[in-house]
Amino acid sequence: MTKTIAFAGKGGVGKTTICGMLVQYLCRRKDGAVLAVDADANSNLNEVLGVEVTDTLGDIREDLTRAEMASEEVIPKGMTKADYAEMRFSDALTETDDFDLLVMGRTQGKGCYCFVNGLLGTQVNKYAQNYRYVVVDNEAGLEHISRGVLPKVDAILLVSDCSRRGIQAVGRIAEMIRDLNLGVSDVKLIVNRAPAGELNPGVREEIDKYGLDLIGVVPQDETVYSYDAEGKPSVTVPDDSPVKQAVHQIFDQLNV
């Protein structure tokens, strides 16, 4: 049975780095295949994981819609439009020895995307059935989840930095999750980049104010910054680093 875990939070809080580390953590457990999905418009999960990506689902969707609007004869004879779209979408799956990766890519432009969005949702959900875990890096708006493009989510991990404004941002996301009736069984909070791994009392007060379920705190770790600055995949940070130890303790608590 597929378990889908999604990350959400505003940009720049380290959400994608922690998401990539969960992908690595699940791969090391070796209890089922893992699909990583980059659903953030600012796609860089592949860099965190150290994977090169050539095709995104968004790019393919744009091509298909442009061809449909212009009535271009791009579909080979004897192939339906749906079959051709499925063939193109399959090109966007990047396979590695440990996990597979799908990158959603940029959001849609002008024109009607109903047909290709429907095909995209069907394709992603079909992929998901082949994996034990689907790990999704989302933008704050949860667009692909709310539109039904991505499979039903079992758990959402909200990631914030250790500022009051950061907590307020994820608090609003938590409210949106409730308003959208997504049926998510677990919504947890991870606070990242805390000095010495400790939270200020004012930040804890803000967490309580929004009724957020704090599952763990990740300390500020200069090793992560150094790896990013040098272009090294963040998941290759040593296991004995403070950030890796903290996130592994958090992941051990997840019901996955």
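The values are calculated or read from the model by the stated rules, or taken from the named source; none is laboratory data. Model, not experiment: these values are computed from the prediction. No Cβ is skipped: glycine too gets one built from the backbone with ideal geometry, and neighbour counts run over all protein chains shown. Remember, those area values only see protein heavy atoms, side chains included, never the ligands or the DNA or RNA. Shrake-Rupley method; radii C 1.70, N 1.55, O 1.52, S 1.80 Å.
Quick look at the numbers
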| item | result |
| --- | --- |
| Estimated dipole of segment 174-253 in Debye, rounded to 20 [Cβ of Lys and Arg +1, of Asp and Glu -1, Cα centre] | 100 |
| GNM flexibility winner over the chain from Asn200, Asn192, Asn44 (Cα, springs under 10 Å) | Asn200 |
| Value of [θ]222 nm, deg cm²/dmol, for the chain, DSSP H segments ≥ 4, -39500 (n - 2.57) each, nearest 500 | -12500 deg cm²/dmol |
| Anisotropy class of the chain from Cα gyration tensor, a/c 1.5 cut | prolate |
| Shape of segment 2-93, Cα gyration tensor, a/c cut at 1.5 | prolate |
| Value of relative contact order over the chain, rounded to a whole percent, pairs C-alpha under 8 Å and six or more apart | 28 |
| Chain lengthening between Ala82 and Asp63 when straightened (0.36 nm per residue, less Cα-Cα) | 5.5 nm |
| Partner lysines for Lys15 [C-alpha distance under 23 Å; skip if fewer than 8 residues away on the same chain] | Lys3, Lys152, Lys188, Lys209, Lys232, Lys244 |
| Cα→Cβ-extended label distance, 7 Å offset, between Arg28 and Asn200, nm | 3.3 |
| Loop-resident sites, segment 17-90, for trypsin sites (Lys or Arg not before Pro), counting at most 12 other Cβ within 10 Å (DSSP) | Lys30, Lys77 |
| Label point distance in nm, Thr236-Lys126, each placed 7 Å from Cα along Cα→Cβ | 3.5 |
| Top positive-direction residue, dipole computed over the chain with Cβ charges, set Ser185, Thr56, Leu93 | Ser185 |
| Asp213/Asp91 FRET efficiency (R0 41 Å; Cβ-Cβ; nearest 0.05) | 0.55 |
| Angle between the chain longest axis and helix 164-180 axis [Cα atoms, degrees, rounded to 10] | 50 |
| Accessible solvent surface per residue of the chain, calculated while the other protein chains remain in place, 1.4 angstrom probe, Å² | 48 |
| Within a Gaussian network of the chain (alpha carbon springs, distance under 10 Å), most fluctuating of Leu150, Leu64, Leu180 | Leu180 |
| Cα gyration tensor shape of segment 120-256, rounded if a/c is under 1.5, else prolate or oblate by comparing a/b with b/c | oblate |
| Dipole magnitude of the chain about its Cα centre (Cβ charges: Lys, Arg +1; Asp, Glu -1), debye to nearest 20 | 700 |
| Mean separation of Cα contacts under 8 Å, 6 or more apart, over the residue count of segment 1-81: relative contact order % | 18 |
| Amide H contacts of Ala194 (H built 1.01 Å from N, under 5 Å, at least 5 apart or other chain) | Val218, Gln220 |
